[in-house]
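The values are calculated or read from the model by the stated rules, or taken from the named source; none is laboratory data. Note that the structure is a prediction, hence the values are computed from the model and not measured. Quick reminder, even Gly has a Cβ in these numbers, built from the backbone with ideal geometry, and neighbours come from all protein chains shown.
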Number of protein chains: 2
Amino acid sequence: MSLSDVFDSIEVQPWSEVVELHEALLQEQLDYVVARSDFYKAKFAGLRTSVSSLADLANLPFTSKDEIRESLLARPPLGLHVAADLGDVVQIQSSSGTTGMPTFVAATAQDIDTWNSMGARVFYANGFRPKDWVMHAYAMGRGFVGGLVNIEHLQHLGVCVIPLGAESGTERLLGAIDHLKPVAMCATPSMVSHLGSMAPEVLGKPARELSIRKISVGGEPGGGIPAIRQQMEELWGADVRDMMGGADFGSTYWAECDEKDGMHVCSQGALHVELIDPDTLESLPIAEGVSGELVYTTLRRQATPLIRYRMGDIVTVTAMDCSCGRTGYKIKAHGRADDMLIVRGVNVFPAAIKDVVMQFVPDTTGYLKIDLDFAGHSTYEALNMRVEISNTSKKSAKDLALLLEGAIRDKLTVKVVVNIVPEGAIERPGAQKEKLLERVSKA
Amino acid sequence: MSLSDVFDSIEVQPWSEVVELHEALLQEQLDYVVARSDFYKAKFAGLRTSVSSLADLANLPFTSKDEIRESLLARPPLGLHVAADLGDVVQIQSSSGTTGMPTFVAATAQDIDTWNSMGARVFYANGFRPKDWVMHAYAMGRGFVGGLVNIEHLQHLGVCVIPLGAESGTERLLGAIDHLKPVAMCATPSMVSHLGSMAPEVLGKPARELSIRKISVGGEPGGGIPAIRQQMEELWGADVRDMMGGADFGSTYWAECDEKDGMHVCSQGALHVELIDPDTLESLPIAEGVSGELVYTTLRRQATPLIRYRMGDIVTVTAMDCSCGRTGYKIKAHGRADDMLIVRGVNVFPAAIKDVVMQFVPDTTGYLKIDLDFAGHSTYEALNMRVEISNTSKKSAKDLALLLEGAIRDKLTVKVVVNIVPEGAIERPGAQKEKLLERVSKA
């Protein structure tokens, strides 16, 4: 791979120059929000002058999701935090709203350009190239940014997009892949696994005999879970790479390159990223091996700028440079802070548990639910979970449960009680994101 | 309204100039398809020279949906009819595939521009203006062109689009309308009626107290059915206008203007339209009062051009000019030829029956199914249908059935047997198109 094999030359620019750009853009963005956003005018009263560099950002308070919800309710339609004239807004997206009311994210034409520049870098890093035919199999409705916004990214990159969407269902998606022979696909990991496992039944041939050789996954942690990635790659005979982002800032701005060992930051010139300790809220250095929560600051947002915004992603920095030539650091994502469980004082992410369960495919189907039969996310009891045994397994339910409990204890130092359920007992995610946690009342 | 109050000046250009443009474009398009499309090379062998004007188009054979399906199967992915290099295709749409296999429609970047120019004229004629906030409530998934393609039209027009889509469901859509206060909405008539009737339950207030004042409907015949339009306008306190098109040529290219008495042709420079007798296949003049089937010829299509293509729409020309200044003629649509029933020799469209049933709201809910208990679309028996009686009706089922049978006989000279069913017995269309016909086995 040549050093210039990136969508945008900023991706291979010396990092010091990126920082210099961010220093300048930060000052412009702060002047803009203090002048135009009533929310930040009030929040940063007397504080604006305390920030003359990126290092000073820590002098400003964080912005939380709850504040944005309150802001939206306090002054509909776009909240106290809006900074553009309403007449300049060209698109309004809606968050998934899985917890609490859906929030709305507005964009001007320039904001859409900024989103597209990040998104095109992501899909290019994930291996997509102009003129590739790409099956788009994320959900398209409900304002989900994996739909329309991702399609706009793909069009900006210059691929041929086939926007069938997850709503098309298994038969229609597989039939279209078989007929149109796209070389690439983007979808959630659970959709990729589902389509791959259904191909023999629907088309009479395994997914690896189809045309797809490049798969970009996101929207769920699966792409970063080795056992799930391996399963997807074997099913499809394809290269699977992970990406990540969130509705508040477009769709996607982290992506794995050819090395597939962590996601590069792809938001140069658009978002400045800090790392903090989620408990003490202290700033952490972005350096190899450091784990913490991502904090985002927009650098040229017009409609709904956000300064020091906590989306809740917990990550570890895995590398500061890369043989691909990209100068941006790489991270591995563990999940959202909201989903982190604390079991007898030990932190554990549902995705890490899924990783272990996946290592027992084909004895299990890989589908599981963690039953939250306690308030909040912290328990001193063993964690109750359900795992599907596959119809073809020769193991007894009891043996499989013991194996899973042992493996999870060994790898994650967490005690779990595994309840084995038959294949098909756990609801498939379909067009929705896979939900590993389920609130249940104590048995 | 000023004579120039149109999206595109071609809409008010003297019709003779439009015809002159079409004369020139037709020759270019025919040269293009004969040179680049294997399907048309074979189909028009020896015939190309017989067409030196629009009037000569009748020398060429029609293109049918079945031929396109066969073409797609004969040479995947895009068929023998494809005329562009596959590397120049930037988007592939899928037809709804309600009958037979879904077909694929490809577009180059220039084709998308052509689609957008027609679509923007349509939404502008329907009353949408740049900077209007528009709730998009068509289905977005399954490759349905009312989704992504309509959104691209709206963005080309310059509105602010809120792309929640029909998949969002009633509560989320109404909640977003209540919060964001868009002035306009586009959706199927059944979705517009459904959302309007649910507003009191979901939001505690009638739809007419919400912000929406302009509604563009399409995808089903409802917008052209007086009783349905009236019901929608009363529910929402809004101006409701009809539009029409089809996936093979983008999304939409017929639209009602302020006069609301028929849909103007909006495809100047992109599609040439003929009218034929669907039985004799003879050309008919486009003149006030003439009824027939629409036949489309693309004029500058690159990826999948279609010459003399029969989509099956049966229409009547309602006017050759209009006080709005548009020089294009206007039509009223009756439905697709596929759906036309012949009852004891009398032609009747399901939409016309729906119109009569709607006149009995609130005694009926307006929901109905016509039970096709005979092969094909022709019967010598009375037509069996089910109609819902509403919970609040004071009429007996027997009285309502007699009233409906009498009204349909009087207005459409068709004998029907109405079976009254309780409110809720007929499936609601939801995000799907309303299906008035249902194949059933003879009781």
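Every residue, every condition in (1) within 15 Å of B:GLY219 (Cβ to Cβ); (2) crowded, with 22+ Cβ neighbours inside 10 Å; (3) within 13 Å of chain A (Cβ to nearest Cβ); (4) touching a residue at least 40 places away in the same chain (Cβ under 8 Å), yes or no:
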position: B:LEU173; (1), (2), (3), (4): no, yes, yes, no
position: B:PRO182; (1), (2), (3), (4): no, yes, yes, yes
position: B:SER190; (1), (2), (3), (4): yes, yes, no, yes
position: B:SER197; (1), (2), (3), (4): no, no, no, no
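What is the residue count in the range A:322-351 for residues that are surrounded by fewer than 19 Cβ atoms within 10 Å (Cβ to Cβ) and of a type in the set (Gly, Ala, Ser)?
Matching residues across the range A:322-351 total 4.
Does any residue of the range B:103-116 turn out to be in the same structural domain as B:GLY196 (by TED's automatic domain parsing), buried (at least 21 other Cβ atoms within 10 Å of the Cβ), touching a Pro at 6+ places or on another chain (Cβ under 9 Å) and over 27 Å from A:LYS181 (Cα atoms)?
no
Looking at (1) crowded, with 21+ Cβ neighbours inside 10 Å; (2) within 14 Å of chain B (Cβ to nearest Cβ), which is the only condition A:GLY219 fails?
All conditions are met except number (2).
For B:LEU195, work out the one condition from (1) out of contact with any Asp or Glu (no Cβ under 8 Å at 6 or more places or on another chain); (2) under 23 Å from A:GLY79 (Cα atoms); (3) not polar (S, T, N, Q) it doesn't fulfil.
Condition not satisfied by B:LEU195: (2).
What number of residues within the range A:52-79 are aliphatic (A, V, I, L, M), in contact with a Ser or Thr (Cβ under 8 Å, 6 or more places away or on another chain) and more than 25 Å from B:MET185 (Cα to Cα)?
Residues flagged as aliphatic (A, V, I, L, M), in contact with a Ser or Thr (Cβ under 8 Å, 6 or more places away or on another chain) and more than 25 Å from B:MET185 (Cα to Cα) within the range A:52-79 amount to 4.
If a residue must be aliphatic (A, V, I, L, M) and buried (at least 18 other Cβ atoms within 10 Å of the Cβ), how many such residues does the range B:427-440 contain?
2
Looking at A:LEU372, A:LEU403, which one is more than 20 Å from the chain's Cα centre (by Cα), farther than 24 Å from A:THR188 by Cβ, modelled with pLDDT of 90 or more and among the aliphatic types (A, V, I, L, M)?
It is A:LEU403.
Report whether or not B:THR392 is closer than 16 Å to B:PRO362 by Cα, surrounded by fewer than 19 Cβ atoms within 10 Å (Cβ to Cβ), β-branched (Val, Ile, Thr) and modelled with pLDDT of 85 or more.
yes
If a residue has to be out of contact with any Cys (no Cβ under 8 Å at 6 or more places or on another chain) and either at pLDDT 95 or above or part of a loop (DSSP other than H, G, I, E, B) (or both) to count, how many in the range B:88-104 make the cut?
Selection size over the range B:88-104: 10.
Quick check, is B:ALA401 farther than 23 Å from B:LEU195 by Cβ, surrounded by fewer than 13 Cβ atoms within 10 Å (Cβ to Cβ), among the small types (Gly, Ala, Ser) and outside the structural domain of B:LEU173 (by TED's automatic domain parsing)?
For B:ALA401, the condition - farther than 23 Å from B:LEU195 by Cβ, surrounded by fewer than 13 Cβ atoms within 10 Å (Cβ to Cβ), among the small types (Gly, Ala, Ser) and outside the structural domain of B:LEU173 (by TED's automatic domain parsing) - is not met.
With respect to A:VAL33, determine if the residue is aliphatic (A, V, I, L, M), in the same structural domain as A:SER323 (by TED's automatic domain parsing) and under 23 Å from A:ALA247 (Cβ atoms).
Criteria met by A:VAL33.
For the subset of the range A:120-168 comprising residues that are within 11 Å of chain B (Cβ to nearest Cβ) and among the aromatic types (Phe, Trp, Tyr), which member is nearest to B:LEU173 (Cα to Cα)?
Only one residue fits best here, namely A:PHE144.
What are the pairs with Cβ atoms under 6 angstrom where one residue, in the range A:275-291, is within 21 Å of A:ASP339 (Cβ to Cβ) and the other, located anywhere, is in a loop (DSSP other than H, G, I, E, B) and not aliphatic (A, V, I, L, M)? Sequence gap at least six, or different chains.
Between residues of the range A:275-291 that are within 21 Å of A:ASP339 (Cβ to Cβ) and residues that are in a loop (DSSP other than H, G, I, E, B) and not aliphatic (A, V, I, L, M), the close pairs are A:LEU284/A:ASP277.
Please verify whether B:PRO130 is buried (at least 21 other Cβ atoms within 10 Å of the Cβ) and at pLDDT 95 or above, treating the condition exactly as stated.
no
What tally of residues in the range B:406-418 results from selecting those that are surrounded by fewer than 19 Cβ atoms within 10 Å (Cβ to Cβ) and free of Cβ contacts under 8 Å to residues at least 40 places away in the same chain?
4
Which residue pairs have Cβ atoms under 6 Å apart, sit 6 or more places apart or on different chains, and have a first residue in the range B:323-338 that is on the phi > 0 side of the Ramachandran plot and a second that is part of a strand (DSSP E or B) and crowded, with 20+ Cβ neighbours inside 10 Å?
none
Please count how many residues of the range A:42-84 are surrounded by fewer than 18 Cβ atoms within 10 Å (Cβ to Cβ), within 14 Å of chain B (Cβ to nearest Cβ) and hydrophobic (A, V, I, L, M, F, W, C).
Going through the range A:42-84 one residue at a time, the tally reaches 2.
Yes or no: B:ALA107 more than 11 Å from chain A (Cβ to nearest Cβ), more than 17 Å from the chain's Cα centre (by Cα) and not β-branched (Val, Ile, Thr)?
Against the criterion (more than 11 Å from chain A (Cβ to nearest Cβ), more than 17 Å from the chain's Cα centre (by Cα) and not β-branched (Val, Ile, Thr)), B:ALA107 does not qualify.
Report the residue count in the range A:202-216 for those that are part of a helix (DSSP H, G or I) and either crowded, with 21+ Cβ neighbours inside 10 Å or in contact with a Lys or Arg (Cβ under 9 Å, 6 or more places away or on another chain) (or both).
Residues in the range A:202-216 being part of a helix (DSSP H, G or I) and either crowded, with 21+ Cβ neighbours inside 10 Å or in contact with a Lys or Arg (Cβ under 9 Å, 6 or more places away or on another chain) (or both): 1 in total.
Tell me, which helices (runs of 4 or more DSSP H) wholly within the range B:1-85 include 2 or more residues that are under 29 Å from B:TYR329 (Cβ atoms) and among the aliphatic types (A, V, I, L, M)?
Where helices (runs of 4 or more DSSP H) fall fully within the range B:1-85 and carry at least 2 residues being under 29 Å from B:TYR329 (Cβ atoms) and among the aliphatic types (A, V, I, L, M), they are B:15-36.
Looking at B:ASP66, B:ASP38, B:ASP88, B:ASP31 in this structure, which one is acidic (Asp, Glu), in contact with a strand residue (DSSP E or B) (Cβ under 7 Å, 6 or more places away or on another chain) and over 30 Å from B:CYS322 (Cα atoms)?
Just a single option satisfies the conditions, and that option is B:ASP88.
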